[in-house]
Every structure is written in C-alpha cells, then in structure tokens.
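Engineer: Supplied in structure tokens, the structure appears directly below.
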C-alpha cells in the first residue's frame with residue numbers, strides 16, 4: 001500500500017528560508033514553471049507557525065468562466081432591488097503535466113462550487129499518514145478567485161469575466177516542503193517514492209532583495225472625491241434599510257517597472273503577514289504577490305474556524321501612540337459595530353455546516369501589521385458529519401469581511417459600485433483534502449495581481465473597507481490608502497500618496513483588547529451554556545419535523561444564528577425562504593401548504609434588508625397572525641417577528657413604516673426599556689440588545705400594542721397582541737451584542753398556543 005512519508009532536511013530559524021528554497025528549486029530544475037509558496041511572515045503566533053511549498057507538477061485544474069452567463073437587469077442593490085438566479089455551469093478543465101506542457105485530459109461542467117470541488121476531489125490521492133499537522137500530500141492547493149462567488153451565492157450580476165477567463169486554479173500537491181517555525185525544522189511530506197524525498201538543500205543561497213524601480217507614471221485610480229462619493233451612496237442605501245454594510249474596494253492599476261517576483265520579495269519583508277503567498281501560473285502569464293493577514297476558514301480534526309478582520313487604525317510613530325490608537329479603535333462605536341456585525345455574519349455562515357449548538361465567538365484581539373492594526377476575532381464550531389470539506393469551503397466563500405452584510409445583497413451592491421470584476425482580490429489561496437477532511441484558506445487582501453503584457457507586466461492592487469452608517473467618507477478614503485500603501489510600493493514604488501513621514505512602519509505584533517473601555521466591557525466571547533438536548537435544523541422542503549419552529553429567512557445573513565439559538569434551547573427548526581421566485585405559487589397558497597406540511601408549534605419571522613413587502617411569505621404569515629388565522633389544528637400558534645419581521649406585523653396592523661428619526665443603527669448594542677409584558681415578563685426593565693435597523697414602525701391604531709422602547713422612549717422596540725400570541729422586537733436577540741437575548745428567545749419559545757380558536761374568541765369577549 002502506498003503511504004506518505006516525512007523526511008527531515010535541515011534546520012533554519014530564518015523566516016525567509018522558504019523564499020530562498022523556492023528560488024533554489026526554480027534554478028535547479030525542480031519547478032514545473034508553475035509556482036506556489038504559502039508563506040507565514042512576521043512573529044510566530046497561532047496563525048503563523050509554518051510556511052509551505054507544494055510540488056505542483058502532476059495534475060492541474062482550471063476553473064473557467066463559461067459562455068452564456070446571465071446578467072443582472074436594471075436593478076439597483078443600493079436601491080433595494082436584487083435579482084436572484086444561478087449562472088451557467090462552471091467550466092472545469094483537468095490537465096496533466098507532460099514534457100511539452102499541460103495537456104487537458106478531462107472536461108466537466110459543475111452547477112456550483114461545492115460540486116466543482118467534489119469533482120476535483122476525484123483526482124485526490126488519499127493514503128495513510130501519521131502527519132500531526134493540518135496537511136497531507138495528494139490533496140489540492142491553489143486559488144479560488146473572487147469571481148467564483150456567483151457559484152456560491154445565487155445572485156445575478158452585471159459585471160462578469162469574459163467567457164474563457166481562468167478564475168480559479170488548483171494543483172494536486174503530491175509533496176510539500178514544510179518549514180516549522182516553532183522547531184526551525186525543514187522537511188518534506190510526500191507520497192511514497194516521490195522525487196522530493198531525495199532533495200538536497202545544501203546548495204540553496206540567500207535571495208537578495210533589491211530596490212524596486214519607481215514607475216515612470218503613477219498607477220491609475222479613481223479620484224478621492226469619486227471614492228468618497230461611493231461611500232456616501234452606500235450610507236444612503238443603509239439609511240433606507242436596504243443593507244447594513246458594504247465592503248467597497250478601490251483599484252490602482254498600471255504597468256509595472258519590474259517583475260512580480262521582485263515585488264513579492266519586497267512585500268514579504270516590508271509587510272510580513274501570516275497568510276502571505278506567491279503564485280505563478282507561467283503559461284497563463286498570471287502572478288500574485290500577497291501579504292494577507294486574514295484566514296477565511298480552516299477545517300482540522302472536525303473543528304471549523306474562521307478569523308474575521310474588521311476595524312482599523314493606522315500604526316503610531318511610537319509605542320505610546322500605538323497604544324493610544326488601539327484604545328481609540330475599541331472605543332469607536334463605528335469600528336466595534338463594524339466588527340460585531342462581521343462576527344454575527346460569520347457565526348451565521350459557520351452554522352450552516354456545523355453541529356447545532358456548537359458555533360461560538362471564541363475570542364478577539366488586535367493584530368498589528370507594519371502600517372495598520374486591526375480588530376480580529378475567532379469564530380468556530382464542530383463540523384456536522386453531513387457536510388464535507390467542499391461544502392465548508394463553498395459556504396464560507398467569499399468571506400463576509402470582504403463582501404458585507406447581508407452577503408447576497410452586498411455582492412450585487414459591490415458589482416454596482418465597482419463596475420467590474422475583482423479577479424483574485426478577496427478570493428482565497430489555500431489547500432484542501434476531502435479524503436482527509438482538511439482545508440485551510442486565506443482571504444486575498446493586501447494583494448498584487450499581475451498579468452504579463454507584450455513588454456511589461458500589468459498590475460492591479462485593490463483595497464478598501466467595510467462601509468457602515470457611521471463611516472466618514474474622508475476616513476474611508478484614507479483607510480483604503482493605508483491598506484494599499486505597502487502593496488503599491490512593492491509594485492510601483494508608490495505609496496498611494498503617503499510618505500514615510502505620513503505613514504510609519506512598525507514591527508508587527510499581537511495585542512489584547514485594551515482594558516477599561518466601558519463600551520466593550522459587556523462583550524464576552526465564549527461558549528454559551530447549553531441546557532439539555534439540542535434540536536435539529538432543516539431547510540424546507542423537508543420531511544415533517546415533530547415539535548418544530550418555522551423560521552422565515554428574508555435574505556438575511558443572521559438567519560442561521562437565530563436557528564442556532566432556537567436549536568440550542570432544545571427546539572427543532574425548519575427554515576423557509578420569505579422571498580419567493582417568480583414561478584412559486586402565491587404567498588397565500590404557499591403559506592397554507594407550509595403550515596399543512598410542517599404543522600409548526602410556533603413561527604419566527606426573521607430579519608432582512610429592504611422593506612417587509614419585498615418578502616411575500618413573511619407578509620402573508622404576518623397577516624394571518626394579526627387576523628387570527630395563523631392556525632394549526634385549530635390552535636392559534638405563537639409568532640415572533642424579529643426586526644423586519646417585527647415591522648411586517650406592524651404594517652399589517654396598520655402601523656406606519658418610517659425611517660428612524662434618530663438615524664440608522666447597525667451593529668450597536670443598545671439599551672432597551674420594557675414594561676415587563678409579553679416575552680419581557682422574566683427580564684429586567686432595562687436590557688442591552690443589538691440593533692440592526694434603519695426603519696422603524698409607529699403605532700397607528702390596530703390591535704398591537706408597544707411594550708418596549710429605545711432609550712429616548714420615542715421609538716418602539718417591541719410589540720405584542722393583547723389576546724393573540726403575537727410578539728415582535730426591532731432588535732436582534734441572536735447577536736453576540738445581546739447578552740440577554742437567549743433568555744428573551746427562551747421566553748417566546750415557552751409561549752403556548754391557545755387551546756382552540758373558540759378559547760381566543762371567549763377571551764376577547
């Protein structure tokens with residue numbers, strides 16, 4: 001039986017030794033022309049323990065933009081309009097390395113990224129291994145470009161790559177050279193009898209890093225005023241309730257005066273980062289140099305982890321200023337809101353593939369790079385055995401930190417704002433082995449993408465940030481320039497307008513959240529206590545589930561968090577979409593069908609972007625409840641509206657939907673006052689709950705009555721029916737920013753239906 005082997009080669013405490021070894025392999029004829037280096041730079045931490053070079057000269061898979069792509073119409077995501085739909089199947093070419101080059105041996109078309117990765121896994125080699133690291137030979141490694149996002153999120157876009165464009169490349173890695181930075185050991189992990197097991201590295205030399213020539217012209221980019229104008233457009237869309245956060249990326253592009261390899265050498269030294277990489281696809285003239293600090297997802301021994309980054313400050317000129325800026329970062333309502341929103345989004349994504357009740361916010365800290373420092377969190381859970389590495393990768397791709405919230409809507413908003421494709425930027429580089437249940441992918445930020453031209457390489461650098469309601473257009477422009485500075489300098493000798501005096505370069509490091517900051521003192525990451533048996537989570541249509549809660553998903557990126565909390569409290573959940581395709585039966589018929597097939601014990605109308613009327617099923621279930629027609633076996637079943645669902649209940653009762661007079665609030669833990677009725681019966685009169693809303697409802701008669709308010713006492717934050725089991729809250733109890741949210745949900749889940757419709761009539765009388 002074939003197996004894998006580990007062979008010790010040498011020892012080195014030089015953090016750049018793998019760069020030297022890659023050059024040695026190239027010069028010694030071991031390179032196939034294609035090259036990949038997964039390089040961990042900076043101080044050794046839990047994220048940067050090893051660098052790796054794969055042997056990629058056996059099988060190569062190209063993912064290619066197909067013909068006949070569907071394009072979006074005249075809809076404006078910023079205006080609250082999105083067009084759902086799937087692209088044509090993704091074109092997959094499997095190639096084998098021969099003396100004359102790469103030869104295509106198989107071709108396939110796959111309807112989504114999960115199936116594409118499953119197809120690729122057929123060419124894996126899975127052999128016994130005693131490797132104690134998250135790595136095995138015989139799996140695949142490479143790049144998933146951002147433009148593959150259409151095969152993970154069902155959204156129609158107007159700007160797509162030209163048919164025939166390669167948007168992803170994966171190579172089978174039959175061997176890996178690994179530098180363990182903790183032990184300083186360098187070794188080869190390879191399939192039995194692989195030639196790399198005979199490598200002799202004694203001849204490798206230190207690679208000199210010279211000066212990058214300064215470009216004769218400044219790379220092209222939009223103006224600062226154009227950039228600021230787009231930030232303002234996003235904020236307007238947020239204020240109308242159409243989305244919560246959008247990650248806009250500004251682009252710099254132009255001919256390079258030097259080579260991409262030279263840029264990578266400079267970047268690896270000037271801006272070391274744990275998920276850096278170098279890639280060269282020689283026959284395609286495609287190269288990447290990246291110093292990314294961000295992990296998309298890791299799957300190792302059944303644990304799924306992600307490391308979302310949001311919240312930024314520049315580095316200080318000395319330790320004192322650096323420390324002051326870190327305190328300023330966590331004291332900023334805007335920065336913390338932006339970060340917590342992302343934590344909630346990533347919890348949602350992980351919950352789609354993890355065992356219910358296991359997903360949690362594991363902790364947060366500040367990670368400082370040479371020019372900027374970021375808030376970084378950990379989110380993790382236990383993989384549900386029903387899901388594979390392919391599904392984990394597809395579910396998390398592309399990362400929420402580089403798209404926004406809700407993810408479906410923001411992909412369309414990015415398309416509308418950027419008016420082009422992203423290519424590699426905000427895609428992922430990493431490795432996957434389905435047979436061993438392993439995966440590890442970064443997010444390609446701080447990245448130079450280069451394509452060879454007739455005479456010179458043409459480079460693109462893109463950078464930006466998450467725009468929220470509290471964003472300042474001028475500050476967002478400056479932040480993008482901070483983030484791009486090190487990369488543009490490596491490409492063109494141009495620091496996006498900054499000088500050395502404007503933008504200090506400091507040693508990279510990791511720092512705890514500063515103590516004594518009142519605004520974050522109540523935010524405590526960790527696993528919530530689970531009581532009793534955890535319920536199941538299913539998606540409609542499905543087999544009938546006993547004693548279930550029906551949860552209506554309104555294209556929100558927090559829906560799975562609600563399901564997770566309900567399941568953690570011991571209740572089964574069935575999720576159904578609130579926005580129906582055009583060919584679906586009328587909302588009334590669909591509602592009756594679902595109630596008949598599922599027979600839920602209760603209903604939760606979930607949150608979502610835009611207005612309730614955009615979700616016909618949500619409006620129909622709200623109408624049924626307020627009219628006393630939400631019945632199962634003659635019983636009035638309890639219903640809870642969350643945020644948009646809360647607004648839907650008010651609208652059908654005759655309340656007015658308006659823009660919040662106090663402005664939009666997104667990702668902000670807020671004080672909520674209540675009168676102790678309905679689902680607030682067992683809670684204090686003042687509680688902290690996370691808000692994500694631009695719109696609110698105002699009473700205008702009807703049968704619903706307010707029972708909670710914001711701090712001003714002017715805005716209704718909760719409602720109930722005096723007789724029917726109807727409840728609504730404007731906030732998000734499922735969020736990490738709602739410390740008492742689980743108790744509130746538990747209070748609703750404890751509510752029982754009326755014994756019969758007759759009992760309701762008697763009580764009203």
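Engineer: Residue check, residue 737 against (1) outside any loop (DSSP other than H, G, I, E, B); (2) within 32 Å of the chain's Cα centre (by Cα); (3) under 20 Å from residue 660 (Cβ atoms), all met but one. Which one?
Structural biologist: (1)
Engineer: So for the range 384-399 (the condition being assigned to a strand (DSSP E or B), touching a strand residue (DSSP E or B) at 6+ places or on another chain (Cβ under 7 Å), assigned by TED's automatic domain parsing to the domain that holds residue 64 and in contact (Cβ under 8 Å) with a residue 40 or more places away in the chain), does at least one residue qualify?
Structural biologist: So far as the range 384-399 goes, no, none of its residues is assigned to a strand (DSSP E or B), touching a strand residue (DSSP E or B) at 6+ places or on another chain (Cβ under 7 Å), assigned by TED's automatic domain parsing to the domain that holds residue 64 and in contact (Cβ under 8 Å) with a residue 40 or more places away in the chain.
Engineer: Hand me the list of strands (runs of 3 or more DSSP E) wholly inside the range 428-541 holding 3 or more residues that are within 30 Å of residue 231 (Cα to Cα).
Structural biologist: 447-452, 457-467
Engineer: Would you mind telling me which numbered condition in (1) out of contact with any strand residue (DSSP E or B) (no Cβ under 7 Å at 6 or more places or on another chain); (2) in contact (Cβ under 8 Å) with a residue 60 or more places away in the chain; (3) farther than 24 Å from residue 559 by Cα residue 608 fails?
Structural biologist: Exception for residue 608: condition (3).
Engineer: Give all pairs with beta carbons closer than 8 Å in which a residue from the range 404-433 that is closer than 13 Å to residue 234 by Cα and assigned by TED's automatic domain parsing to the domain that holds residue 557 meets a residue that is buried (at least 24 other Cβ atoms within 10 Å of the Cβ) and at pLDDT 95 or above; count only pairs at least 6 apart in sequence or on separate chains.
Structural biologist: none
Engineer: Which one of these is under 24 Å from residue 400 (Cα atoms) and in contact (Cβ under 8 Å) with a residue 12 or more places away in the chain: 570, 526, 532?
Structural biologist: Testing whether each residue is under 24 Å from residue 400 (Cα atoms) and in contact (Cβ under 8 Å) with a residue 12 or more places away in the chain leaves just 526.
Engineer: A further question on this structure: From the residues in the range 87-98 that are under 23 Å from residue 434 (Cβ atoms) and in contact (Cβ under 8 Å) with a residue 40 or more places away in the chain, which one is surrounded by the fewest Cβ atoms within 10 Å (Cβ to Cβ)?
Structural biologist: 97
Engineer: Can you give me the number of residues within the range 441-462 that are surrounded by 24 or more Cβ atoms within 10 Å (Cβ to Cβ), within 23 Å of the chain's Cα centre (by Cα) and on the phi < 0 side of the Ramachandran plot?
Structural biologist: The total comes to 10.
Engineer: Residue by residue through the range 678-722, note down the ones that are part of a loop (DSSP other than H, G, I, E, B) and in contact with a strand residue (DSSP E or B) (Cβ under 9 Å, 6 or more places away or on another chain).
Structural biologist: 683, 684, 685, 694, 699, 700, 703, 710, 711, 713, 715, 722
Engineer: Find the residue count for the range 252-297, including only residues that are assigned to a loop (DSSP other than H, G, I, E, B) and closer than 11 Å to residue 450 by Cβ.
Structural biologist: Going through the range 252-297 one residue at a time, the tally reaches 4.
Engineer: Does residue 313 satisfy the condition of being out of contact with any helix residue (DSSP H, G or I) (no Cβ under 8 Å at 6 or more places or on another chain), surrounded by fewer than 24 Cβ atoms within 10 Å (Cβ to Cβ) and at negative phi?
Structural biologist: Against the criterion (out of contact with any helix residue (DSSP H, G or I) (no Cβ under 8 Å at 6 or more places or on another chain), surrounded by fewer than 24 Cβ atoms within 10 Å (Cβ to Cβ) and at negative phi), residue 313 does not qualify.
Engineer: Going through 219, 195, 272, 163 one at a time, which residue ends up being out of contact with any helix residue (DSSP H, G or I) (no Cβ under 9 Å at 6 or more places or on another chain) and closer than 30 Å to residue 489 by Cα?
Structural biologist: Result: 272 is the single residue among 219, 195, 272, 163 that is out of contact with any helix residue (DSSP H, G or I) (no Cβ under 9 Å at 6 or more places or on another chain) and closer than 30 Å to residue 489 by Cα.
Engineer: Just for the range 403-414: of the residues that are touching a helix residue (DSSP H, G or I) at 6+ places or on another chain (Cβ under 8 Å) and in a helix (DSSP H, G or I), which one is nearest to residue 351 (Cα to Cα)?
Structural biologist: 407
Per-residue answers, yes or no, for (1) in contact (Cβ under 8 Å) with a residue 12 or more places away in the chain; (2) closer than 24 Å to residue 327 by Cα; (3) in the same structural domain as residue 360 (by TED's automatic domain parsing):
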site	(1), (2), (3)
475	no, yes, yes
481	yes, yes, yes
489	yes, no, yes
497	yes, no, yes
522	yes, yes, no
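Engineer: Out of all the residues in the range 53-74, which are in a loop (DSSP other than H, G, I, E, B) and modelled with pLDDT of 85 or more?
Structural biologist: Across the range 53-74, the qualifying residues are 56, 57, 58, 65, 66, 67.
Engineer: Counting residues that are more than 17 Å from residue 438 (Cα to Cα) and either in contact (Cβ under 8 Å) with a residue 24 or more places away in the chain or outside the structural domain of residue 86 (by TED's automatic domain parsing) (or both), which strands (runs of 3 or more DSSP E) fully inside the range 99-182 reach at least 3?
Structural biologist: Hits in the range 99-182: 101-110, 166-173, 175-180.
The values are calculated or read from the model by the stated rules, or taken from the named source; none is laboratory data. Remember, it's a predicted structure, so these values are computed and weren't measured experimentally. In this analysis, Cβ positions are derived from the backbone assuming ideal geometry, glycine residues included, and neighbour counts consider all displayed protein chains.
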